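Scroll down for the structure; my scribbles are underneath it.
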């Protein structure tokens, strides 16, 4: 996961982690440091991980994590090299520990660090409209343009030959070359991810970024949320029409075409050369193969294999759809 | 109905009301004053009401209103204490009289009263970005933040610990404590309510407000319209994702979760602990019970009893939906 | 097609056109000038046209164009008065030649010509909020208002008694009288029209405008794209609710009512007195007759004859829909 922005405040001592979760340290024989929090697959022997569902049993068995947040019923699937840390709610605890490592990933308030572009060195380097604001930790390549009232908040890297329209808000985003972003977009905000708790939901941290590859075009009014534990990615030469919503952790391939008002829910993966018609919706955690065509207005609620045309709600093979509707 | 904003210009004399409707005053024996215009149920003996459909016959029979806009065919259902005022189109006449009592509720033009926040006393009280504007009759609690280019127009009350993002426009809205509003929202504008008339539609007044209770979060790009004759309400700890449209008079309960691109049409009521999936749509004037789950992409066109899971278009019980789609 | 904005840079010499397409000029006996590029039907004997599909065979046979971009298989359907110019991809070549005639129609970058309204003559003529920007080639009638942060870019004509809200971006648009545009709209941008080419799509020019007739109201968050080879039109006294997307070349009739979050895809035509429910979607290149009612959430994928009520996905007669769903 490419992420130049959220600084890891680790290493943290295990005793500190246990204390922040209000756990007893009975079953922990000695204190030590962990360097980062990662998923079961990515963890090294210096990391803490989390294991909350038997779906991940096979990965859990092979994890290299030195310690792992989990439940009493799951702990036996962890290898001997990994100390289970039993908690009541694995995901809530994961969220708390992630916040310890990455305290800046929780807060999505407006960026107080921004300055009028005329007060920055970008003044002489880029073309810009009225009332353009630039935050800290922003890098911009050559030959870029920024429309009126656009706010480039902190943690943004932009390549060469990019054209950003007016009224946009961008943060925590890496934009490659020759990208066009039209008007009124919000890119890089945290996703709609939280633990529902009566009277006071608990937001979990979003330590991912939005990554927009070369030659993309993003239409007006898009909202593209950054990833939580991975990145949100728009692949090379993919075009998005107006009023599209891309949720956190979504990954879209290359040369895809997505028409107006489409919504893609969290963590779904879209292949290369995919065409999605207007107002279609794709549920979360799905895999849409390469060269798939999804008819306008469709509601996709299961994986779609590559080279398929689908339509309807729930979306099915287009021939089947047209036959059933006769 | 809580409404601290629209000042009632009453009392008005009945002769004045009759004149504004271009009616003859033949059947009115003496002139008197009325204090307000209210629905049949809420009216007191000092108010004028309106009765336009036999659906409301039972309420009409018991109304305390002293006088009532109605039609020749309905007038006999009013009690003897209530003078019928016969008009050609009850709703159009109601709209005209409401405008007489509340002349400021028609106009939704931009607020000319706003000042740069640096020219107001809020300068020392809240954190704010660049180009923040504040209108007349605005109250803000402690520890609040306002992002860049956000416009708080007239008639807004905000509690403590609220975080408002950038590029928002808010008017005629009461926001309680610990509320987060992300970016690019328009909150408190009049709804899509008007009488279709060839060549020149007639807008009716919206004298309600938007009320956002404690601990809510409103995603990017939301439009939440204020009520016409009642308020639009978002209940405590309810979270809205991006690009959601909430029409006038909608009431949403507590602890509900509404995913991206959902639309709720006018005057529908949503219970507590309701979950609504992305892109679902709910027709107007419906009642969705507590603990209901509505699948993403569904189209709800009838009431949903509490504790039910529904999906599809038209939305039906989820088991039925999945069985039919096999 | 009314279009006061995009200046035709013609006449161009045929030798110049052939060169720009990298063609050999073997089969062209003598050089001459053409004045404009038009479709097969509109072309005069001074124009170049394009013929890319046998669907247009009957029109091709009667075209008055002096020369026509086409393919080897289609060329024989052109009349003897029309010289066929054989190219590999007719639409891509058409796009290139259109760009030669109308070089300003490709670029939709932010308008660098805008000035703060206080620095223009409109300062004394219209009411306006903070931070309003006005571009070149803008005309505004009497008694108009412009809300905060609104950007009227180049090529805009606005009639009398128009009220434009805050945070709007308008370009290449002709607005007649008594029109209301609420907040956060983007009007007049190019549509989602391009040739998909691996690694680098090719945008085609949009030489049309947006035309908004008298007494219309456009809700918050609308995106209305200008036409490519014709105009996008919103007919007299038509009202649009919030978050609506109107694609390029769409033509909507008079007295129509379109509810929230509706999307209308490119080149569709909607009649007079049409009612479209919330979140409905209409595919491209369709014809919806007068007095049609389309239920909320419907997906329309074929033409709808006048005086019909439809619902569902795909939308069908409402009686049939309700019967099938029982």
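The numbers here are math on the coordinates, done by the rules we state, and not lab data. Owing to the predicted nature of the structure, the values given are computational and were not obtained by experimental measurement. Every residue, glycine as well, gets a Cβ built from its backbone with ideal geometry; the counts of neighbours run over all protein chains shown.
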Within a 10 angstrom radius of the beta carbon, how do B:13, C:171, B:319 rank from fewest other beta carbons to most? B:319, B:13, C:171
If you take each beta carbon of peptide A:273-286 and count the beta carbons of other chains within 10 angstrom, what is the mean? 5
Give the peptides B:146-159, A:64-77 in descending order of average Cβ contacts within 10 Å, highest first. B:146-159, A:64-77
Counting other beta carbons within 10 Å of each Cβ, put C:56, B:102 in order, fewest first. C:56, B:102
Hey, what number do you get for chain A at 222 nm if only DSSP H runs of n ≥ 4 count, each worth -39500 (n - 2.57), divided across all residues, to the nearest 500? -2500 deg cm²/dmol
Please pull out the direction-averaged projected area of the stretch B:262-326, using the convex hull of its alpha-carbon atoms, in nm² to one decimal place. 3.6
On the formula 1/(1 + (r/R0)^6), with r taken between the Cβ atoms of residue B:7 and residue B:325 and R0 of 56 Å, the FRET efficiency rounded to 0.05 is 0.55
Proxy exposure order for C:286, A:322, B:182, A:174 (fewest C-beta within 10 Å first) is A:322, C:286, A:174, B:182
Cα centroid separation - the stretch A:63-93 against the stretch B:165-211, whole Å: 48
Cα→Cβ-extended label distance, 7 Å offset, between residue B:54 and residue B:116, nm: 6.4
The protein assembly as shown: C-alpha gyration tensor shape, a/c 1.5 cut-off, then a/b vs b/c: rounded
Counting only other chains, what is the mean number of Cβ atoms within 10 angstrom of the Cβ of each residue in peptide B:304-313? 2
So, by mean Cβ neighbours within 10 angstrom, what's the order for C:114-121, C:296-303 with the highest one leading? C:296-303, C:114-121
Expressed as a fraction of 2.2 N^0.38 Å, the rule-of-thumb size for a compact globular protein of N residues, what is the C-alpha radius of gyration of the stretch C:155-243? 1.15
10 Å Cβ neighbours from other chains, averaged over peptide C:215-225: 5
Expressed as a whole number of Å, what is the distance separating the alpha-carbon centroids of the stretch B:1-47 and the stretch A:1-23? 65
